[in-house]
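Presented below is the structure to which this report refers.
The values are calculated or read from the model by the stated rules, or taken from the named source; none is laboratory data. All values reported here derive from a predicted model rather than from experimental measurement. As a convention, Cβ positions derive from the backbone with ideal geometry for all residues, glycine included, and neighbour counts pool all protein chains shown. Protein only, heavy atoms only, side chains kept; ligands, DNA and RNA dropped before computing areas. Shrake-Rupley method; radii C 1.70, N 1.55, O 1.52, S 1.80 Å.
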Amino acid sequence: MKRSVICIAALMLITGQSLAEERGEEACPRIGLALSGGGARGAAHIGVLQVLEELSIPVDYIAGTSMGSIVGGFYAAGMSPYELEEVISRVDWDEAFTDHIPRKERSFRRKRDDDLYLIRNRPGISRDGLKLPAGLLDGQYIDMLLKRYTLPVVTISDFDELAVPFRAVAADLETGRARVIGEGDLALAMRASMSIPVVFAPRQVEGRLMVDGGISRNLPVDVVREMGADIVIAVDISSPLLEREGLESVLSVTNQLTNIMTRRNTEEQIGSLTVRDILISPELGEIRTSSFDRAAEAVPIGREAALAAADRLEELSVQDDRYRKYLKSREFKKEVPFIDRIRIINNSRLADRVIFDRVSQETGEYLEVNQLERDLNRIYGLEIFESVYYHITEESGRNVLTITAREASWGPNYLNFGIAIFEDFEGPNFNMAMAYTRTAVNSLSGEWRSGVQIGQEPGIFTELYQPLEHSLRYFLHLRAMADERAWNVFDPEGNKLSEYNIGRLGGELSAGRELGSWGEFRAGLIRETGEFSIQVGDPEIEDRRFERGEIFAQIFIDELDNVIFPHSGGALRIRAVAGREGLGSDLEYQQYSMEGAVAHTVAENTALLSGHFATTGGNNAPLQSLFHLGGFTRLSGLERDELKGQNAGLLSATLYRRLGRVLMQPFYAGCSIEYGNVFEKRDEISYDAGVLSGSLFLGIDTFIGPVYAAYGLSEGGRSNYYLFLGQSFNHWRAGLGER
């Protein structure tokens, strides 16, 4: 029976035929849609919406929790179910759940953190002890995503004025009670509703910290009924409880406890449904809450479940002319907002101008959303903020763009830890490191970092990085350090003859200019004093002290998307160094080096091409300044740093394929081909004198650093096995002569 017939029949009983004919449309029962949370399974809601539109069923109210709030919010904002399906399919969920802004948009200073093997996740530290972030992910990527797709309604603060009146359900972190959000910033309301505890940091709404509404009201039947719904269509996509045999790990037990909490309040809401209401429960099988790579698969399952209830749903259909009016009322003009004013809310130690100078948007112009997102990512890429968010409000007939930068609640002082293990089956090398970083030590984002390393190569350093003006382009960098490292001597067959230790004490003073997030130029002075000392074997070199005094200049371009397993972009570093007796150097010499890499990916396959060239003018550089080759992807069949010389060259091609994920981390298999050598004199350099090498490897990028197992082979039958943690195979950034 059609919904219009139901409307008229109801009115006939109350007021008579004539009134029913006159007001039948207005008296139709109001339909409310309650969409539950369930992570990736929530994409099934889209399939249900598609069927509702195909059956000409208008939705008068929507309430959603977590993923249900995202689907419901987008639909309430005027997005069609088919546009929703396209969005779900287009989102890079890997990016969304690593929460790292594109590396290309990080400041160049922050990119250099990748040269260390320190773990990126860093706790804060204060007088009260360690402070941890409120979630594993800040959610910056998700924030920008939600804001982008709600931009057509960005100035609407009353959710009753949306195409469909809407409510997002979150939970108050202090009380655990459900919070129904019906006004304010739509994107923020949706984000608060999906803030899965521990995974995503909470969001503040109306002065309260909000987390995922699933813990209090996962299926908001009562909410949509309170909005005015006479008939409720409830869509439950929450995860079923696991059987006993499935409870075999800490993760499964934790998920079960969460599901118990969610399931209990869901069952309460289902129990409140009447005979007039309709419950749709898609059978989503193995699609788990976290299976966002399979989210698109849930859409047709949602369709199938809705079609199974088509007999009942068809009773709610309306005539074509009324449904056309309904669709017309859902249309919002997708106009780009005109910006009359820009406001900065800066909850940090930085000067407001530091933030303002990174915003390209001009007043008196239409919003350039792509550029604004890049600008906010650049601000967030300074890595002192918990979130950088924007909102547009209408104030006295003028559109105000407000940018809110909130300093990390667990900062601004941080600890980083790192572990590096290298095993070539000739003997392990083990290092552990810890660094203490104070960010925003002044209004120009000065940074002081100190670190210590223990293990095979102990060391300690302290440095100050100080921008000189509000754009943060010009800087001074001071660094002091003391360390020890191995310097070994090999015979032509690769047998280790002697092991030396080089102890160094010194510092560096440099100044430069960042060239945007893609590069920097710097020049400076290096002064060191050190000592060679024999540890094992026959002394090829006498124990002796040395002095190093250099001036240097370099240009460094870095546009790689990732330094562990790059997929796109490139990098180039050109460096010139001159040892000067006037600066305390034992010798006068000049060295020049150029190294770079470029990566390109097709489907799951990546090619990384790299090249290196280094030379010494006069061929008279001291021992501690020689260039090195040997080791994994640096002539893989040879021992690490086996070859040393005044000049060096290396070309390599590395190919790898992503095979899948292990513990949610990408897993790769690959190979490399390398050709190069070192030379004592320039006139000895020739292509025919190179050494051909290659490797096969497996690698996984873990949260504590990359792990590799590899086999290397060089001409002449030389081979080597490698197992290491915490170091990248992208040897271009280590440099042939990095010291």
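List of remarks:
- The slack in the chain from R90 to T363, taken as 0.36 nm per residue of separation less the alpha-carbon distance, amounts to 95.1 nm.
- For region 340-390, the dipole from Cβ point charges (+1 on Lys and Arg, -1 on Asp and Glu) about the Cα centre works out to 200 debye, to the nearest 20.
- Packing-based ranking, highest mean first, of 623-633, 442-452 given that Cβ atoms within 10 Å are counted: 623-633, 442-452
- Rolled with a 1.4 Å probe across the full set of protein chains, the surface gives I555 an accessible area near 60 Å².
- Around the amide H of E183, modelled in the peptide plane, lie the amide H atoms of F159, all under 5 Å away and 5 or more residues distant in sequence or on another chain.
- Taking the centroid of alpha carbons for each part, region 75-97 and region 505-522 are 41 Å apart.
- Sum of -39500 (n - 2.57) over DSSP H runs of 4+, divided by residues of the chain (222 nm, nearest 500): -6000 deg cm²/dmol
- Between the amide H of L497 and those of V489, F490, D491, distances stay under 5 Å, these residues lying 5 or more places away or on another chain, with hydrogens modeled in the peptide plane.
- Listed pairs K111/K147; K104/K147; K104/K644; K496/K681 exceeding 30 Å between Cα atoms: K104/K644
- The spread of Cα positions in the chain, taken along each principal axis and listed from longest to shortest, comes to 112, 58, 48 Å.
- Relative to the longest principal axis of the Cα atoms of the chain, the long axis of helix 44-54 makes an angle of roughly 40 degrees.
- Put the Cα centre of region 588-652 next to the Cα centre of region 409-481 and the gap is 25 Å.
- Relative contact order (%) - the chain, alpha-carbon pairs under 8 angstrom, separation at least six: 10 percent
- The packing ranking, built from the mean of other Cβ atoms within 10 Å per residue, places the peptides 204-214, 58-68, 273-283 in the order 58-68, 204-214, 273-283, highest first.
- This model, with +1 at the C-beta of Lys and Arg and -1 at the C-beta of Asp and Glu, gives the chain a dipole about its Cα centre of some 1180 debye.
- Degrees between helix 320-329 axis and first principal axis of the chain (Cα, 0 to 90, nearest 10): 50 degrees
- Peptide ranges 455-468, 225-238 listed from the most packed, as the mean C-beta count within 10 angstrom indicates: 225-238, 455-468
- Using 0.36 nm per residue and subtracting the Cα-Cα separation, the extra length available between F703 and L659 on full extension is 14.0 nm.
- Farthest toward the positive end of the dipole of the chain, out of G47, Q456, A171, is the Cα of A171, where the dipole comes from beta carbon charges about the Cα centre.
- Accessible area, probe 1.4 Å, largest first, for residues R177, R203: R177, R203
- Contact order relative to length of region 632-684, as percent, for alpha carbon pairs under 8 angstrom and 6 or more apart: 44 percent
- C-alpha long axis of helix 3-14 to longest principal axis of the chain, angle in °: 40 degrees
- Relative contact order computed over region 542-701 (Cα-Cα under 8 Å; 6+ residues apart), in percent: 16 percent
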